[in-house]
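The values are calculated or read from the model by the stated rules, or taken from the named source; none is laboratory data. Not measured: the values here are computed from a predicted model. Here the Cβ positions follow ideal geometry from the backbone for every residue, glycine too, while neighbour counts run over all protein chains shown.
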Amino acid sequence: MGLVDSEDLPMHLVRSPRRRPVAWLAIALFACLPASPAWAAQAPEAIAPAPLRAALLTAWQHHPSYRATEAQLAAARARLAAAGQPLYNPELELSGDDEGSERTTNAGLNLTLDLSGKRRVRRDAASAHVDQATAEARVRRRDFARQWFTGWADLQTAQQRVRTGERRLALVTRFGELAEKQFAADDISGLERDLALLARDEAQAEQAQLLAEQADAEARFRVVGGTSEWVAGTALPTDTLPVPEPIDGGLESLPDWQAAHAAATAAEREVTVARRNRIADPTLGAYTGRKTYDLGGPSDNIVGVTVTVPLFVRNSYRAEVVAAQADADVAQADLQRVQLELETDRRRASTSYAASLSAWKRWKGSRGTDVERRANLLEKLWREGELSTADYLLQLKQTLDTQLAGAELEARLWRSYADYLAATGQLERWAGLEGTP
């Protein structure tokens, strides 16, 4: 049954069979509408409000994910430094030989030479792994920001729904008390009184459900470092959300693509490393010594050079090259898959956000969302006898369900906005995390 404005029917409300609130139907229809073409000419908001950015930055820097990300970056940089070091250290060799009247002592140095450039290709591979770790750190930071904003919006919505439920419970409780008084005065029937009391019991059960949903939302928000105390002092700046921009440009700026591309590059360089490892590196040695023939007798100085080359006969290390090439093929396939998913997700996120924003603006502009005005009008008409108890409860439920639906629509709008920013590579800049560790 639709809500009727007092200016349209000043003395009574039209009765009709029970049906679901028209607010739900309107929201469903509005959500299906495409974004207005005029929106494309407007620019989005550059950054989030300062309190949001400060709270998110604090939550991120105190979260275990931040420490894990920093540790992974430090490990990748340390491996790069290690890969830049020489592969082989010199070896000191001391030997002595005592054969009858002859005694020989030698001292020498051996050094394996990296003639095939193994050090350089390993350093290049490690550098690609650092790029991969950096991009993956951006992905984790962006995902954390999206989860934080989603949790923040969900908790605020849950709190709004609880407040609406408290308002509903107070109204139906007071209405139940009035119904009992009017029943005692023989103004209404026992059936109408029982209907009012049943509505009160139903409101109590639904309020318990709303409180449980609020507890769940608060738990999810605390997982990402948020607190309900901070949410209580802020408000959703929903009316300042910008319109979506046209989709243009490539995907190269997105951290997901950068991580997949860096992984593919690192895998290709690991193939080069495996191929260079099949090349044997020679070992050069130089030694000097002294040979004494008789105790206290003559002696000779000894100087020599050795060259040692390993022979890859039993193991040619070809299997390692085949495995590295297979890993590179997997990384290339993953890059193509990520690119396809990012293109699809970007269009989906933009369309979803445009539809949610359109539905929200239309919902805000509707006169039927003025809950206080509708509730006061309904009670006035019921007291004057223009509405039956059943019609009053039905339309009051529709009125409050409209407000609950609006809160849910607002949460859905924020979730779609966070997805839109993430899919278009704007979330870190909007959240004030761009350039932070």
Can you tell me which of (1) buried (at least 16 other Cβ atoms within 10 Å of the Cβ); (2) in contact with a Ser or Thr (Cβ under 9 Å, 6 or more places away or on another chain); (3) under 20 Å from Arg269 (Cα atoms) is the one Lys118 doesn't meet?
(2)
I'd like the residue in the range 83-115 that is touching a Lys or Arg at 6+ places or on another chain (Cβ under 9 Å) and hydrophobic (A, V, I, L, M, F, W, C) and, out of all such residues, is surrounded by the most Cβ atoms within 10 Å (Cβ to Cβ).
Ala83
Determine, yes or no, whether Arg140 is modelled with pLDDT under 95 and within 28 Å of Thr265 (Cα to Cα).
yes
If you go through the range 141-161 one residue at a time, how many are surrounded by fewer than 22 Cβ atoms within 10 Å (Cβ to Cβ) and more than 19 Å from the chain's Cα centre (by Cα)?
2
Among (1) over 21 Å from the mean Cα position of the chain (by Cα); (2) farther than 15 Å from Ala411 by Cα; (3) modelled with pLDDT under 80, Thr227 falls short only on (1)
Looking at Asn376 and the list (1) surrounded by fewer than 17 Cβ atoms within 10 Å (Cβ to Cβ); (2) under 30 Å from Gln426 (Cα atoms), which single condition is not satisfied?
(2)
Please count how many residues of the range 88-140 are free of Cβ contacts under 8 Å to residues at least 24 places away in the same chain and of a type in the set (Val, Ile, Thr).
0
Checking the condition in a loop (DSSP other than H, G, I, E, B), touching a residue at least 60 places away in the same chain (Cβ under 8 Å), more than 21 Å from Pro246 (Cα to Cα) and out of contact with any strand residue (DSSP E or B) (no Cβ under 8 Å at 6 or more places or on another chain), which residue from Glu410, Glu434, Glu386, Glu379 passes?
Glu386
As an exercise: evaluate Gly425 against (1) within 22 Å of the chain's Cα centre (by Cα); (2) farther than 26 Å from Glu213 by Cα; (3) in a helix (DSSP H, G or I); (4) touching a residue at least 40 places away in the same chain (Cβ under 8 Å) and give the number of the one condition it does not meet.
(3)
List the pairs whose first member sits in the range 195-223 and is closer than 30 Å to Leu56 by Cα and part of a helix (DSSP H, G or I), whose second member is aromatic (Phe, Trp, Tyr) and modelled with pLDDT of 90 or more, and whose Cβ atoms are under 9 Å apart, counting only residues at least 6 apart or on separate chains?
Phe221/Trp148
If I ask for residues that are among the hydrophobic types (A, V, I, L, M, F, W, C), under 20 Å from Asp391 (Cα atoms) and surrounded by 14 or more Cβ atoms within 10 Å (Cβ to Cβ), which ones from the range 175-227 would you list?
Phe175, Leu178, Ala179, Phe183, Ile188, Leu195, Ala196, Leu197, Ala199, Ala203
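For (1) out of contact with any strand residue (DSSP E or B) (no Cβ under 7 Å at 6 or more places or on another chain); (2) farther than 23 Å from Arg373 by Cβ; (3) among the charged types (D, E, K, R), each residue gets a yes or a no:
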residue: Ala125; (1), (2), (3): yes, yes, no
residue: Val130; (1), (2), (3): yes, yes, no
residue: Ala133; (1), (2), (3): yes, yes, no
residue: Glu136; (1), (2), (3): yes, yes, yes
residue: Glu166; (1), (2), (3): yes, no, yes
residue: Ala170; (1), (2), (3): yes, no, no
Which one of the conditions (1) in contact (Cβ under 8 Å) with a residue 40 or more places away in the chain; (2) in a helix (DSSP H, G or I) does Ile188 fail to meet, given that it meets all the rest?
(2)
Residue match in the range 336-353 (condition: surrounded by fewer than 17 Cβ atoms within 10 Å (Cβ to Cβ), out of contact with any Lys or Arg (no Cβ under 8 Å at 6 or more places or on another chain), part of a strand (DSSP E or B) and not acidic (Asp, Glu))
no
If I filter the range 310-324 for residues that are modelled with pLDDT of 95 or more, part of a helix (DSSP H, G or I) and either farther than 26 Å from Leu113 by Cβ or touching a His at 6+ places or on another chain (Cβ under 7 Å) (or both), do I get at least one hit?
yes
Can you tell me which condition Ile279 does not meet? The list is (1) hydrophobic (A, V, I, L, M, F, W, C); (2) outside any helix (DSSP H, G or I); (3) exposed (fewer than 11 other Cβ atoms within 10 Å of the Cβ), and all the others hold.
(3)
